[in-house]
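Working notes for the structure below.
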Amino acid sequence: MAREERRERFDQPRDTRRGLRRPEVDPEVFGKFAETFARFMGTALFIGYMTVFIIVWLIWNTAGPEALHFDPFPFIFLTLILSLQASYAAPLILLAQNRQEARDRVTQEQDRDANTRAHADMEFLTREVASLRLGLGEVATRDFLRSELRGLLQELEEARSTEPRGDDDTDDDPRPSRSGSRT
């Protein structure tokens, strides 16, 4: 059915290859596997497992029954297995490092952008604080107002003390009294 579908589509070229095709591998899945493998190889647990494996291998092929030795001295099969393990481990570790480097590059770009925004915000706030300081220079401060009010109070007290005082209780106020009766 897939071949029929390909033949019906005229916007894509025909697949001229016949026979074996490359397997499609998702690079993300393989990359995650490589990172997991590289993380495991960097642990003490992996070193412990490898040490136990090699010791068991050596003991089995030296102290075990002669008929059951599968890798006699000089342990060529063990050397082959360790070489294969190293030849697969190195590219997987490099792949994991490349993926980590790509993530680090993205993180650095994001940090650089955040730093640029923070720098622009700081410059804006600095200009705002400077304009507020200039504006406050023209505004009367609390101490200035207090000194002016004290000066006015002293002038009023001086004016009151120099004003002649009458002894009679006549009401010179032209406003009506508050008692409510108007005469």
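Coordinate-derived values only; no laboratory data. None of the values given here were measured: they were computed from a predicted structure. Every residue, glycine as well, gets a Cβ built from its backbone with ideal geometry; the counts of neighbours run over all protein chains shown.
For the reader, a short list of remarks on this structure follows.
- Each residue of the stretch 29-45 was assigned a 3J(HN,Hα) from its phi angle through the Karplus curve 6.51 cos²θ - 1.76 cosθ + 1.60 (θ = phi - 60°); the sequence is 5, 5, x, 5, 4, 4, 5, 4, 5, 5, 5, 5, 5, x, 9, 5, 4 Hz, with glycine and proline shown as x.
- Per-residue 3J(HN,Hα) values for the stretch 103-110, derived from phi via the Karplus relation 6.51 cos²θ - 1.76 cosθ + 1.60 with θ = phi - 60°, read 5, 5, 5, 5, 5, 5, 5, 5 Hz in sequence order (x marks Gly and Pro).
- Each Lys or Arg adds one and each Asp or Glu takes one away; over the other residues whose Cβ falls under 13 Å from the Cβ of Asp121, this sums to -1.
- FRET efficiency, Asn115 to Phe46 (Cβ-Cβ, R0 41 Å, nearest 0.05): 0.60
- Inter-centroid distance (Cα atoms) of the stretch 19-57 relative to the stretch 73-138, Å: 25
- The phi torsions of the stretch 56-63, fed into the Karplus equation with coefficients 6.51, -1.76 and 1.60 and a -60° offset, translate into couplings of 4, 4, 5, 5, 4, 8, 10, 9 Hz, rounded to whole numbers, with Gly and Pro shown as x.
- Computed over the stretch 26-143, the alpha-carbon pair-distance distribution with 5 angstrom bins reads 2, 9, 10, 11, 9, 8, 7, 6, 6, 5, 4, 4, 4, 4, 3, 2, 2, 2, 1, 1, 0, 0, each value a whole percent.
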